[in-house]
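A.B. asks: Sharing a structure, written as structure tokens. Questions coming.
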Amino acid sequence: MRTWLPLLLVISLISVGLWLSESPPDQLLGVRPTPQQHDKAAELIIRNAKTRHFNEEGNLAYRVDADQITYYQFKRRDRADLTEPRMVFYQDDQPKWRTESREGVAHNRGERVVLSGDVEIDELPTPGGIKLETSSITILPAKEFAETDKVVTISSGPNRTTGKGMRAYLNEDRMEILSDVKSIYDTD
């Protein structure tokens, strides 16, 4: 029994030493991170993310694909940073609108999504549908509504309309440009 005691003591000391060397000093002292430090840490990072969202009838309403989603959980809200997000909205089980941008931020479990950086929204099937381009847009996916206060270009074939600010009712296939509207139409 006495021959095992020194060996057990050595193993215990090595284990405690390794634990101390791997643990941050603040953690050992019982110091908790501040709310600001805690808010900076991501809860979850997903690469090559694919999500599907269904309506109350159980039909596919829209899907979101992204190269990366970085999810943050805060005390009263959440946020997901999206890299290269792509959204597709469905009507009658068919893809109807497709969005694409360099980045995005989804707030409160995706209730509001802000896309930025070369935002494009295409009516499907392409080619031939409407194409919308802007620098930033806010989308309410459940309501199939989008709006921006930035300059917007809407094109369909050779026809182009530009203006500042827009409201898009995607489920109604209706768009309103709010000011400084200029249009070019091909009469052929």
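Residue by residue, here is whether (1) touching a Pro at 6+ places or on another chain (Cβ under 9 Å); (2) assigned to a loop (DSSP other than H, G, I, E, B); (3) buried (at least 18 other Cβ atoms within 10 Å of the Cβ); (4) of a type outside the set (Asp, Glu) holds:
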site	(1), (2), (3), (4)
TRP97	no, no, yes, yes
VAL114	no, no, no, yes
GLU120	no, no, no, no
THR138	no, no, no, yes
ILE154	no, no, yes, yes
ASN171	no, no, no, yes
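A.B. asks: Just name the residue that is farthest from ASN108 (Cα to Cα) out of those in region 56-88 that are of a type in the set (D, E, K, R) and in a strand (DSSP E or B). Before you say what the answer is, go through the steps one by one.
C.D. replies: Of all residues in region 56-88, those of a type in the set (D, E, K, R) come to 56-57, 63, 65, 67, 75-79, 81, 84, 86.
Checking the rest, the ones that are also in a strand (DSSP E or B) come to 63, 65, 67, 78-79, 81, 86.
Working: ARG63: 17, ASP65: 18, ASP67: 20, ASP78: 5, ARG79: 6, ASP81: 12, ARG86: 18 Å.
Result: ASP67.
A.B. asks: Can you find a residue in region 161-169 that is of a type in the set (Ser, Thr, Tyr), surrounded by 15 or more Cβ atoms within 10 Å (Cβ to Cβ) and farther than 21 Å from GLY117 by Cβ?
C.D. replies: Of region 161-169, the ones of a type in the set (Ser, Thr, Tyr) are 161-162, 169.
This time we only want the ones that are surrounded by 15 or more Cβ atoms within 10 Å (Cβ to Cβ), so: 161-162.
This time we only want the ones that are farther than 21 Å from GLY117 by Cβ, so: 161.
Yes, region 161-169 contains a residue that is of a type in the set (Ser, Thr, Tyr), surrounded by 15 or more Cβ atoms within 10 Å (Cβ to Cβ) and farther than 21 Å from GLY117 by Cβ.
A.B. asks: Next up: Counting just the residues of region 58-93 that are without any contact (Cβ under 8 Å) to a residue 24 or more places away in the chain and over 19 Å from PHE145 (Cβ atoms), which one comes out surrounded by the fewest Cβ atoms within 10 Å (Cβ to Cβ)? It would help to see each step written out before you state the result.
C.D. replies: Start the filter on region 58-93 by keeping residues that are without any contact (Cβ under 8 Å) to a residue 24 or more places away in the chain, which leaves 58, 65, 67-68, 76, 83-84, 86, 92.
If we keep only those that are over 19 Å from PHE145 (Cβ atoms) as well, we get 58, 65, 67-68, 76, 83-84.
Numbers: GLY58: 7, ASP65: 17, ASP67: 14, GLN68: 15, ARG76: 5, THR83: 15, GLU84: 14.
Ranking the qualifying residues of region 58-93, first place goes to ARG76.
A.B. asks: Within region 99-112, count every residue that is of a type outside the set (D, E, K, R) and in a loop (DSSP other than H, G, I, E, B). Step through it out loud before you land on a result.
C.D. replies: Step one: list which residues in region 99-112 are of a type outside the set (D, E, K, R), which gives 99, 101, 104-108, 110.
Add one more test, that the residue is in a loop (DSSP other than H, G, I, E, B), and what stays is 101, 108, 110.
Looking only at that region, the number is 3.
A.B. asks: Residue check: is VAL88 in the same structural domain as PHE54 (by TED's automatic domain parsing) and within 28 Å of GLU56 (Cα to Cα)?
C.D. replies: Values: in the same structural domain as PHE54 (by TED's automatic domain parsing): yes; within 28 Å of GLU56 (Cα to Cα): yes.
Answer is yes for this residue.
A.B. asks: Residue by residue through region 122-136, note down the ones that are of a type in the set (Ser, Thr, Tyr) and either part of a strand (DSSP E or B) or surrounded by 15 or more Cβ atoms within 10 Å (Cβ to Cβ) (or both). Break it down stepwise before answering.
C.D. replies: Taking region 122-136 first, the residues of a type in the set (Ser, Thr, Tyr) are 126, 134-136.
Correct list: THR134, SER135, SER136.
The values are calculated or read from the model by the stated rules, or taken from the named source; none is laboratory data. Just so it is clear, the model here is predicted, and its values are computed rather than measured. Reconstructed Cβ throughout: ideal geometry from the backbone, glycine too, with neighbour counts over all protein chains shown.
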